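*Asks:* Mind looking over this structure? Questions follow.
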Amino acid sequence: MSPITTTRHGDVLIITSNNPPVNALGHAVREGIVKGIEEADRDDAVKAVVIIAEGQTFFAGADISEFGTPKSFEYPALPQVVDIIENCTKPVVAAIHGTAFGGGLEVALASHYRVAVPSAKLGVPEVKLGLLPGAGGTQRLPRVAGVKKALEMAATGNPIGAKEAYECGLLDKLIEGDLLQHAVAFAEDVKDARPLPRSSERDEKLAEARDNPALFDEFRAANARKFRGFDAPEYNIRAIQTAAEKPYAEGVLEERKLFLELMSGTQARAQQYFFFAERKASKIDGVPEGTRPRDIRKVGVIGAGTMGGGISMNFLSAGIPVTIVEMQQEALDRGTGVMLKNYQATASKGKMTAEQVGQAMGLLTPTLKLEDLADCDLIIEAVFENMEVKKDIFGKLDKIAKPGAILASNTSYLNIDEIAAATSRPQDVVGLHFFSPANVMKLLEVVRGAKTAPDVLVTAMQLAKKIRKVAVVAGVCYGFIGNRMLIPRQVEATKLLLEGATPAQIDKVHVDFGMPMGPFQMADLAGVDIGWHRDPSRIENIRDALCAVDRWGQKKGAGFYDYDEKRRPSPSPKVQEIIEDFRAKAGVQPREISDQEIIERTLYTMVNEGALILEGGFAQRASDIDVVWVYGYGWPVYRGGPMFWADTEGLPRIVEGLKRQQGRLGPDFKLSKLLADKAEAGEKISKA
Ligand code: T1G
């Protein structure tokens, strides 16, 4: 049964797609559309055509699950479909709702007219898959929406709303009311209009680039930082530049060449892998089908510090009331003040209105009394990272919280089972590990205790979506998934300093790899003093030595680096002196350290730790580990994540590198059996 049906409404032929969940343009859909256009062409009784979709959305793009299979190129491939639509002898109207994305927008661009409901979004997110619109999109979009708009949409992958689309000419009409009914009426109005407005033949909007060819380099320069390391943005820019410089027929050939180059590259495979990895993360192993989530109408947060405030903002922004508790009025006022300041900063960038700020803050109830959390459905503890403090709080919550309330800790390392044991309701206890800044970072580690109830997990995963987080289930081990993998990286990076490397050299290796910053830049940002014992007389390592002389990182203007008034870092002679002191005391003769050794000792060890996490069952699947590192630490998505990257690097090469470094990694280092076995068997670790 084809997902495409055709019906008649007077002399308008309606081509309807019903291919849930997102009307992806798989082969059967493409075939059905072409059959519908052919029907319209051969039947004189048909005067116009409407293409529309049922369900959640208009076509949301090519079927990504077909990529890499013959199906995606099987006739009619998408480039052929769009040309058949545009060459239809009757006017074709695309009727859009939901998200006309990628190939979906290309189908709409090939249609002669485009109408949409106001809630629709239009976009070409191919760049997020390491691709570009490969069915004429890079040539038609600038001709219809203008070059600047096309550049913005294609190179960033960000969609625009229907109103903006209408204003730039991408839509011919905004439909208030029934989409089909109004689209048919629109088709009736244009059925005799000739010549048919073919996007590929339009030229007037290319003038803005012809008159100002510098706009492409200006766009490149303005986005250089954001696009650093990615291939696809530049390819999208080049394809659109071609549209401004060459006739359509030539431009579409160039588009094809660039598309195929990207499609065959590692970055595209990595980003497409990640697209599915992100969605797979929401699936929880071992939870009975149909487990229903608990209702979360009111949230309590204990602690109004950086984390407590950031966590609260997530819920307030999603319209969920929050009661926030502190011990001292001054801390409470400071915390709520920071939240307001953050919202105002967002509003000043135009991302929120003053009214929305007021609404969000209006849902916040500050208090000094833990008892005020008695009516909360979820309570999140975000206090000092100390087990005794946390157990004391959970013991009190056990007496205060209503039955069925979920009790969560934002701990980033500590044992959730031990915390749960401080209550009489371990089944209601879970870890909700947010990443700082909690109102910005997308990752949420949902730490599953031995007794955490299935519906608590389902609630946490669903709530994560509501507060626009990507949640990953982690098991109870020290540091869960992300921070546990950070440990070998930090340990080896510090040892490398003693052996002869500098903070700048190590950080550069990581930044050149694609990380937003290296281990020492990250320490300075987060605070060198995190976890410090606070005794300046007790100096056991380089970090103690820095903290003892007030070098706590950016917040003190000095850490592993010196910082100027604009927080620009520069290598510090003082730090070099401290490092050399330590080398002398340890009797270490510094040596030349290669970048490859840094990669092997900091990145290969991370991969090994990820494999150990999998062996221990502390992550549900390898791709979850990749989701943690892309969304929690900025691992470059064009490398897929540590586990996907390990496969592209080659597991045998990684195992060999770790064995080569074994002596330097020390007696505690344990090579993962899973990693070694996969390497031996020639299998992929990212599929584990
Ligand atoms: N192909 C195949 N499956 C898709 C899909 C797609 N394009 N989009 C979504 N799915 C699946 C998804 O894996 C999930 O499956 C389910 O649909 C719901 O998705 C030639 C080459 C449309 C905004 O990049 O942005 O066109 O987990 O959880 O939150 O130029 O899906 O249920 O089994 O995300 O409501 C370009 C990608 C393709 C759009 C809906 N298009 N999709 O969000 O649901 S390349 C895209 C999205 C292309 C041409 C090029 C979102 C959404 P499961 P979901 P959602």
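Read-outs throughout are calculated quantities, based only on the coordinates presented, and are distinct from any laboratory measurement. All values reported here derive from a predicted model rather than from experimental measurement. Cβ: placed from backbone, ideal geometry, glycine included. Neighbour counts: every protein chain shown.
*Asks:* Classify segment 92-137: rounded, prolate or oblate, from the alpha-carbon gyration tensor (a ≥ b ≥ c, eigenvalue square roots; a/c under 1.5 rounded; otherwise prolate if a/b is larger than b/c)?
*Replies:* Numbers: a/c = 3.91, a/b = 1.45, b/c = 2.70.
Because a/c hits 1.5 or more and a/b fails to exceed b/c, segment 92-137 counts as oblate.
*Asks:* May I ask for the net charge around residue 14, where only other residues with Cβ less than 14 Å from the Cβ of residue 14 are counted and Lys, Arg are +1 while Asp, Glu are -1?
*Replies:* Working: positive: 8, 35, 47, 90, 191; negative: 11, 39, 43, 54, 178, 188.
Once positives and negatives cancel, what remains is -1.
*Asks:* Treat each spin label as a single point 7 Å out from the Cα along the C-beta direction, and report the residue 11 to residue 584 distance in nm.
*Replies:* A separation of 9.6 nm, rounded to one decimal place.
*Asks:* Given the -39500 (n - 2.57) contribution per DSSP H run of 4+ residues, what per-residue ellipticity at 222 nm results for the chain, rounded to the nearest 500 deg cm²/dmol?
*Replies:* Working: 29 runs with 324 residues, N = 688.
Computed ellipticity for the chain at 222 nm equals -14500 deg cm²/dmol.
*Asks:* Compute the normalised compactness of the chain: alpha-carbon radius of gyration over 2.2 N^0.38 Å, N being the residue count. Working shown, then result.
*Replies:* Values: Rg = 28.2 Å, N = 688, 2.2 N^0.38 = 26.3 Å.
Output field value: 1.07.
*Asks:* Under the 0.36 nm per residue contour assumption, what length would be gained going from the current alpha-carbon distance of residue 668 and residue 369 to full extension? Each step should come with its number before you reach the end.
*Replies:* On the way: separation 299, 0.36 × 299 = 107.64 nm, distance 4.57 nm.
Additional length available on full extension: 103.1 nm.
*Asks:* Using 0.36 nm times the number of residues separating residue 35 and residue 399, minus their current alpha carbon distance, what extension gain do you get? It would help to have the intermediate numbers written out before the result.
*Replies:* Values: separation 364, 0.36 × 364 = 131.04 nm, distance 6.69 nm.
Length gained, residue 35 through residue 399: 124.3 nm.
*Asks:* Rounded to the nearest 5, what is the percent of antiparallel bridges among the DSSP beta bridges in the chain? Intermediate values should be presented prior to the final figure.
*Replies:* Values: 18 of 61 bridges.
Close to 30 percent.
*Asks:* May I ask you to sort 412, 65 by Cβ crowding, counting other Cβ atoms within 10 Å and putting the fewest first?
*Replies:* 65, 412
*Asks:* Which aspartates and glutamates does residue 466 reach when only Cα atoms under 13 Å apart count, and residues fewer than 8 places away in its own chain are ignored?
*Replies:* Output for residue 466: 295.
*Asks:* Distance between Cα centroids, segment 190-257 to segment 602-677: provide it in whole Å.
*Replies:* Each part's Cα centre sits 41 Å from the other's.
*Asks:* Can you check what the net charge comes to around residue 533, using other residues whose Cβ is under 14 Å from the Cβ of residue 533 (Lys, Arg +1; Asp, Glu -1)? Can you show the working numbers first?
*Replies:* Working: positive: 534, 538, 543; negative: 385, 529, 535, 540, 544.
In short, -2.
*Asks:* A further question follows. Local charge sum around residue 166 (other residues, Cβ-Cβ under 14 Å, Lys/Arg +1, Asp/Glu -1)? Intermediate results must be reported in sequence, preceding the final value.
*Replies:* Numbers: positive: 114, 121, 149, 163, 173; negative: 164, 167, 172, 176.
Computed value for this residue: +1.
*Asks:* Roughly how big is the chain's charge dipole about its Cα centre, with Cβ charges of +1 (Lys, Arg) and -1 (Asp, Glu), in debye to the nearest 20? Working shown, then result.
*Replies:* Values: 85 positive and 91 negative charges, 156 e Å.
My answer is approximately 740 debye.
*Asks:* Checking the cross-link filter: which lysines have an alpha carbon closer than 28 Å to that of residue 173, excluding same-chain neighbours under 8 positions apart?
*Replies:* Correct list for residue 173: 35, 47, 90, 121, 148, 149, 163, 191, 205, 351.
*Asks:* Pick out, from 124, 579, 617, the residue whose Cα sits farthest towards the positive end of the charge dipole of the chain, with +1 on the Cβ of Lys and Arg and -1 on the Cβ of Asp and Glu.
*Replies:* Farthest towards the positive end: 579.
*Asks:* Whole-Hz ³J(HN,Hα) for each residue in segment 473-482, computed from phi via Karplus 6.51 cos²θ - 1.76 cosθ + 1.60 with θ = phi - 60°, x for glycine and proline: what do you get?
*Replies:* Calculated HN-Hα couplings, in order: 7, 10, x, 8, 9, 5, x, 6, 9, x Hz.
*Asks:* Taking just the C-alpha trace of segment 299-478, give me its Rg and Dmax in Å.
*Replies:* When restricted to Cα atoms, segment 299-478 yields Rg and Dmax of 15.3, 47 Å.
*Asks:* Set the Förster radius R0 to 25 Å, insert the Cβ-Cβ distance between residue 196 and residue 28 as r into 1/(1 + (r/R0)^6), and round the FRET efficiency to 0.05. The partial results should precede the final answer.
*Replies:* On the way: r = 27 Å, r/R0 = 1.09.
Rounded to the nearest 0.05, the efficiency is 0.35.
*Asks:* Something else: Would you mind computing Rg(Cα) / (2.2 N^0.38 Å) for segment 4-264, counting N as its residues? Walk me through the numbers before you get to the answer.
*Replies:* Details: Rg = 17.2 Å, N = 261, 2.2 N^0.38 = 18.2 Å.
It is 0.95.
*Asks:* Determine the dipole magnitude for segment 501-586: charges of +1 sit on the beta-carbon of Lys and Arg, -1 on that of Asp and Glu, nothing else is charged, the reference point is the Cα centre, and the result goes in debye to the nearest 20. Mind showing how you got there, number by number?
*Replies:* Values: 13 positive and 14 negative charges, 24 e Å.
Dipole size: approximately 120 debye.
*Asks:* From the Cα gyration tensor of segment 548-595, with a ≥ b ≥ c the square roots of its eigenvalues, which class applies: rounded if a/c is under 1.5, or else prolate if a/b is larger than b/c, or else oblate? Don't skip to the answer; put the middle values down first.
*Replies:* Details: a/c = 3.52, a/b = 1.77, b/c = 1.99.
Taking the square roots of the gyration eigenvalues as a ≥ b ≥ c, segment 548-595 is oblate.
*Asks:* Answer rounded, prolate or oblate for segment 589-639, using the Cα gyration tensor with square roots of eigenvalues a ≥ b ≥ c: rounded when a/c is under 1.5, else prolate when a/b is larger than b/c, else oblate. Kindly include the intermediate steps, with their values, before the conclusion.
*Replies:* On the way: a/c = 3.52, a/b = 1.75, b/c = 2.01.
Oblate is the answer for segment 589-639, as a/c is 1.5 or above yet b/c matches or exceeds a/b.
*Asks:* A further question on this structure: Relative contact order for segment 501-586: what is it in percent, counting Cα pairs under 8 Å that are at least 6 residues apart?
*Replies:* On the way: 105 pairs, mean separation 19.2, N = 86.
The normalised contact order for segment 501-586 reaches 22 percent.
*Asks:* Follow-up question, since we're still on this one. Treating only the Cβ of Lys, Arg, Asp and Glu as charged (+1, +1, -1, -1), what charge dipole size does segment 299-478 show about its Cα centre? Round to the nearest 20 debye. Can you show the working numbers first?
*Replies:* Working: 18 positive and 18 negative charges, 129 e Å.
Using only the charged Cβ atoms, the result is roughly 620 debye.
*Asks:* Starting from the Cα-Cα distance between residue 511 and residue 347, subtract it from 0.36 nm times their residue separation and give me the gain in nm to one decimal.
*Replies:* Result for the pair: 55.9 nm of gain on full extension.
*Asks:* Hey, another quick one. Dipole of the chain (Lys/Arg Cβ +1, Asp/Glu Cβ -1, origin at the Cα centre): which of 221, 604, 57 lies farthest to the positive side?
*Replies:* After comparing all options, I get 604.
*Asks:* Could you tell me how many cubic angstrom of Cα convex hull volume segment 1-105 has per residue? If you can, show how the numbers build up before the last one.
*Replies:* Numbers: hull volume 9.5 nm³, N = 105.
Measuring per residue, one finds 90 Å³ for the Cα hull of segment 1-105.
*Asks:* A further question follows. Which residues among segment 421-441 fall inside the zone where the amide N is under 13 Å from a point 7 Å beyond the Cα of residue 648, along Cα→Cβ?
*Replies:* Of the residues in segment 421-441, none has backbone N under 13 Å from the label point off residue 648.
*Asks:* I need the calculated FRET efficiency for the pair residue 295 and residue 565, taking r as the beta carbon distance and R₀ as 56 Å, to the nearest 0.05. Each step should come with its number before you reach the end.
*Replies:* Working: r = 50 Å, r/R0 = 0.89.
E(calc), rounded to 0.05, equals 0.65.
*Asks:* Let me ask another. Just rank 434, 276, 227, fewest to most, by other beta-carbon atoms within 10 angstrom. Could you put the intermediate results ahead of the total?
*Replies:* Working: 434 24, 276 12, 227 19.
If I rank by nearby Cβ atoms, fewest first, I get 276, 227, 434.
*Asks:* Something else: Exceeding 23 Å between C-alpha atoms, which entries from my cross-link table qualify? They are 495/670; 226/508; 469/670. If you can, show how the numbers build up before the last one.
*Replies:* Working: 495/670 17 Å; 226/508 18 Å; 469/670 33 Å.
Cα-Cα > 23 Å for 469/670; rest within.
*Asks:* Kindly provide the pair-distance distribution of segment 612-688 built from C-alpha pairs, with 5 Å bins from 0 and whole-percent values in order of increasing distance.
*Replies:* 3, 16, 23, 24, 21, 11, 1
*Asks:* State, to one decimal in nm, how far the label point of residue 222 lies from the label point of residue 119, with both points 7 Å from Cα in the Cβ direction.
*Replies:* That separation, rounded to one decimal, is 3.2 nm.
*Asks:* I would also like to ask the following. What residues have an amide H closer than 5 Å to that of residue 572, excluding those fewer than 5 places away on the same chain, when H is modeled at 1.01 Å from N in the peptide plane?
*Replies:* Here the answer is 562, since their amide H atoms fall under 5 Å of that of residue 572.
*Asks:* Which one, 135, 424, 259, projects farthest toward the positive side of the charge dipole computed for the chain from Cβ point charges (K/R +1, D/E -1)?
*Replies:* Checking the options against the dipole of the chain, the answer is 424.
*Asks:* Suppose we keep just the DSSP beta bridges with both residues in segment 47-167; what percent of those would be antiparallel, to 5?
*Replies:* Numbers: 2 of 12 bridges.
Rounded to the nearest five, the antiparallel share is 15 percent.
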